[in-house]
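Before any comments, here is the structure.
Each reported figure results from applying straightforward, stated rules to the coordinates on display, with no laboratory input. For clarity, every value in this text was computed on a predicted model and none was experimentally measured. Ideal geometry is used to build each Cβ from the backbone, glycine not excepted, and the neighbour counts take in all protein chains shown.
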Amino acid sequence: MIEQLRQIIREIEHNWALKRLLVVGDVMLDKYIFGEVGRISPEAPVPVVRATYQSEQPGGAGNVAMNLSRLGAQTHVIGFTGGDENERLLAECLRANGISSSLIVSRGFPTVTKQRVFGGRQQMLRIDSERLGARAESDYDQLVDAVLTHLPGCQAVVLSDYAKGVLAPRVCEQVIRAARGLGIPVLVDPKSADFTRYRGATTICPNFGELSAAVHADARDLKVVFDAAEAMLPGLDVEFLTATLSEKGIALVLPGSRFVAPAVARQVFDVSGAGDTVIAVLALCLASGLNPKTAVELANVAAGIVVGKVGTVPVEKHELLAALSPEISLHAEDKVVSREDLVTRIALWRANGERVVLTNGCFDLLHVGHITLLEQAHRFGDRLIVAINSDASVRGLKGPSRPIVGEVERGRVLAALGAVDAVVVFGEATPLELIIATRPDVLVKGGDYEVDTIVGAQEVMSWGGQVKLVPIVEGFSTSRLIAAGKEEDS
């Protein structure tokens, strides 16, 4: 179970949008051709793909930036391009996704481009357009100057190395030294087996094969590899190593300790881009002050999402929160939210195609009638919101002797119920303002109401929602419980 869940939810929903992150590395353009395979070519023993759809999106370091942006962060990416049509497409894709960029044109080198051909869900072919080799020293000077210009005010830096020429040793050294001098964490996704070029980074995040090569150990023995990795830490001057282990999850290697977050079981369609997602989530976690273990657990959840997608596709913030929802449901205190937080959470639920149900009341002295109402209400949708009157509102409705149970306690008890996904307190005499703010798909009340007397019913129906009545359970009410208690006291 992920620790610090409350802080994580707060960071994802509100604070990640305030974070500024810088990505430096090998930017690429990923092109996709999707189609159907119906026959074998008469020209050669290869399948014929009838193209039905084409798309482009940022890849490499650009995909790290895409993940950060989709998770809500303000993102700037710096790398080399070729001053060609593919650069124009790449820049356009970045802008369309809210990502600013400093693309340094390196003469004589094309924009690195990968074109993938899919027949159905199966990748059939990949065509790479690139030229390897060192750039001119003036190109590296421009790149480092761009980094130093955008570094102040950032909360984290990601170095995304795909061995395409951007992260030369002197670039890594200058960027890491400048960032750490400003107290900014630096995360590296390495390609070189010589980790010394990344010395001084906060963490290096290889896959297990890359880590095995770097420590010169047998990849078949996890313990040997981790022991060697731990021994590397002081010489590299890094705080910890983070290694993706494919189907085994993600490992965290710290001085004197290690931890493995087991992979989240999902159907795997495509692992391309999973490492970009992992380092993006780790970067946002470190930028938010979360500890490395929690960061690894959260990155592991995100990786489980993207491997279920076709192609190099970033994780979405609402997908991450939805994946965390089973754990959120185990923590009642995380279900009691402010109106502002509730509106944000509803937007994420709706982005996942979920149907939102709302019911309201005082819910003073919870009884069987209340439980029945809530269980029935939850069946009308995917997420149930319970809006409860504040203590002052209850006194205005029921008199000075009520409520018997305060709003904090009422909210906490309701949140502990499995049928309830969120609890919010409203202080007005009626929940009308809250209903308009949340726009539920279904409004539920007890069977002792008529639809035309229910506050908010007309508004809900005006936007295509429904109003449902749940039959009351005879013999159960808060008033009866209070009266019974008085009889016992007498």
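Of the listed pairs Lys114/Lys248; Lys335/Lys468; Lys398/Lys468; Lys223/Lys248, which have alpha-carbon separations greater than 18 Å here?
Numbers: Lys114/Lys248 28 Å; Lys335/Lys468 23 Å; Lys398/Lys468 25 Å; Lys223/Lys248 14 Å.
Going by Cα-Cα distance, Lys114/Lys248; Lys335/Lys468; Lys398/Lys468 fall outside the 18 Å limit.
Order the peptides 386-398, 451-463 from the highest to the lowest mean number of other Cβ atoms within 10 Å of their residues.
Result, highest mean first: 386-398, 451-463.
What number, in nm² with one decimal, is the all-direction average of the projected area of the convex hull of the alpha-carbon atoms of the chain? Let's see the in-between values first.
Values: hull surface 120.4 nm².
For the chain, averaging the hull's shadow over all directions gives 30.1 nm².
Using the Kirkwood radius built from alpha carbon pairs, what does the Stokes-Einstein equation give as D for segment 172-280 at 10 °C and 1.306 mPa s, in µm² per second? Kindly include the intermediate steps, with their values, before the conclusion.
Values: Rh = 14.4 Å.
Roughly 111 µm²/s, to the nearest whole number.
For a label point 7 angstrom out from the Cα of Trp463 toward its Cβ, which stretches of segment 427-443 have the backbone nitrogen within less than 19 Å?
Flagged as within label range: 427-428, 430-443.
How long are the three semi-axes of the equivalent ellipsoid for segment 123-181, computed from the Cα gyration tensor as the root of 5 times each eigenvalue, in whole Å, largest first?
On the way: eigenvalues 135, 48, 18 Å².
Ellipsoid semi-axes (Å, largest first): 26, 15, 10.
Using the Karplus equation 6.51 cos²θ - 1.76 cosθ + 1.60 (θ = phi - 60°), what ³J(HN,Hα) coupling, rounded to whole Hz, does each residue of segment 354-362 give in order, writing x for Gly and Pro?
Residue by residue, segment 354-362 yields 8, 8, 9, 10, 10, 9, 9, x, 7 Hz.
Can you tell me which of 50-56, 318-324, 103-109, 179-185 comes out highest on packing, and rank the rest after it, using the mean Cβ neighbours within 10 Å?
On the way: 50-56: 11.3, 318-324: 19.7, 103-109: 17.4, 179-185: 15.6.
So the peptides 50-56, 318-324, 103-109, 179-185, ranked by packing, come out 318-324, 103-109, 179-185, 50-56.
Setting aside same-chain residues fewer than 8 positions from Lys19, which lysines have a Cα under 18 Å from its Cα?
Correct list for Lys19: Lys317.
Check Phe240: other-chain or 5+ apart residues with amide H under 5 Å from its amide H, H built from backbone geometry?
Ile204
Percent antiparallel among DSSP beta bridges with both residues in segment 118-215, to the nearest 5? Don't skip to the end; give the middle numbers.
Details: 2 of 8 bridges.
About 25 percent, rounded to the nearest 5.
Subtract the Cα-Cα distance of Asp227 and Leu148 from 0.36 nm times their separation in residues, and report this length gain in nm to one decimal. Don't skip to the answer; put the middle values down first.
Details: separation 79, 0.36 × 79 = 28.44 nm, distance 3.59 nm.
My answer for the length gained is 24.9 nm.
Using helices alone, I'd like the mean residue ellipticity at 222 nm for the chain: each DSSP H run of four-plus residues gives -39500 (n - 2.57), total over residue count, nearest 500.
On the way: 17 runs with 185 residues, N = 490.
That calculation yields -11500 deg cm²/dmol at 222 nm.
Determine the percent antiparallel among the DSSP beta bridges restricted to the chain, to the nearest 5. Show your work: numbers first, answer last.
Numbers: 29 of 81 bridges.
The antiparallel fraction comes to roughly 35 percent.
Which percent, nearest 5, of DSSP beta bridges in segment 194-287 are antiparallel?
Working: 9 of 12 bridges.
Roughly 75 percent of the beta bridges in segment 194-287 run antiparallel, per DSSP.
How far apart, in nanometres, would the label points at Gln174 and Arg20 be if each is projected 7 angstrom from Cα along the Cα-to-Cβ direction?
2.1 nm
How many angstrom separate the Cα center of segment 377-454 from the Cα center of segment 1-63?
So the two Cα centres are separated by 41 Å.
Under a crude label model (7 Å from the Cα following the beta-carbon direction), how far is Thr453 from Gln123 in nanometres?
6.3 nm
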